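Single-structure report; data block below.
The values are calculated or read from the model by the stated rules, or taken from the named source; none is laboratory data. All values derive from a computational prediction rather than experimental measurement. For neighbour counting, all protein chains shown are included, and Cβ atoms are generated from backbone atoms with ideal geometry for every residue, glycine included.
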Amino acid sequence: MDKVRPSYNRISSFYDYLGDLVFKGEIMQSQIDVLNKYYGKNILILGAGSGRALNYIKIHPDSKITLVDISEGMKNEFMKQEVSSNSNVQFQLEDVFHFNHGGKYSLIIFPFFLDQFSEEFISDYLSRLSNDPLISKSDICIIDFNIPRTFRQKVIEKLMISFFKLTTGLKQTSIPDIFDAGDFVFKNRSKSIEYYYNRFIKTVIYTSAQ
């Protein structure tokens, strides 16, 4: 199974702020809302980026939040933030696909990470993840871009794809149908859905039955 991962080191210093500018803070808000729902729980964030959303939530003293990202630039941005001094929050500079979670998490989040890959890869990866005995007991949250429907959304999609091709080496030519893959893999789970930015940003939480 082929995966070609873009490098975000070149744009890590302004990545979050660019998202705030284009999407009027909705990218950040979508993550904050999910994190607040799991206050006091152990959370694993895969493809975490800088973890900036953690600065806007209250972190329970008994909870554990683990961020995993392969980008050194994103880790550097994380270390500049106040949340990096919180002993309950750890940043692991590792490949998401080889990360050994080694523990139980109430929630696993993919925040704007899976859109880098093909639908086939996403389906295969989520299927393997769902078969992990530990992860199968965790709620799974995907926060990402929905398939563009309006003219404005299609224009934004083209601009985003062009920008990330130029700056990160992105290979995708369009936004994959991430949520179709998630719905299929986790079809036996109940799910809750939230939309942001005129439904262009979507959050789905697939709740574990265990």
Completion exercise
Of (1) within 21 Å of residue 160 (Cα to Cα); (2) in contact with a strand residue (DSSP E or B) (Cβ under 6 Å, 6 or more places away or on another chain); (3) not polar (S, T, N, Q), residue 18 satisfies every one except (2)
Problem - Residue pairs meeting the criteria (Cβ under 7 Å; at least 6 apart or on separate chains; first assigned to a helix (DSSP H, G or I), in the stretch 26-45; second of a type in the set (Lys, Arg)) - result: 28/52
Problem - Every pair of residues 6+ apart whose Cβ atoms lie under 6 Å, when the first sits in the stretch 105-117 and is aliphatic (A, V, I, L, M) while the second is at pLDDT below 95 and surrounded by 21 or more Cβ atoms within 10 Å (Cβ to Cβ) - result: 108/138
Handout entry: Considering residues of the stretch 161-179 that are surrounded by 16 or more Cβ atoms within 10 Å (Cβ to Cβ), of a type outside the set (Val, Ile, Thr) and in a helix (DSSP H, G or I) only, the residue modelled with the highest pLDDT
Key = 179
Exercise for the section: Answer yes or no: is there a residue in the stretch 52-69 that is assigned to a loop (DSSP other than H, G, I, E, B), at pLDDT 95 or above and in contact with a helix residue (DSSP H, G or I) (Cβ under 7 Å, 6 or more places away or on another chain). Expected result: yes
Practice task
Of the conditions (1) farther than 23 Å from residue 136 by Cβ; (2) assigned to a loop (DSSP other than H, G, I, E, B), residue 101 clears all except one; give me its number.
Solution key: (1)
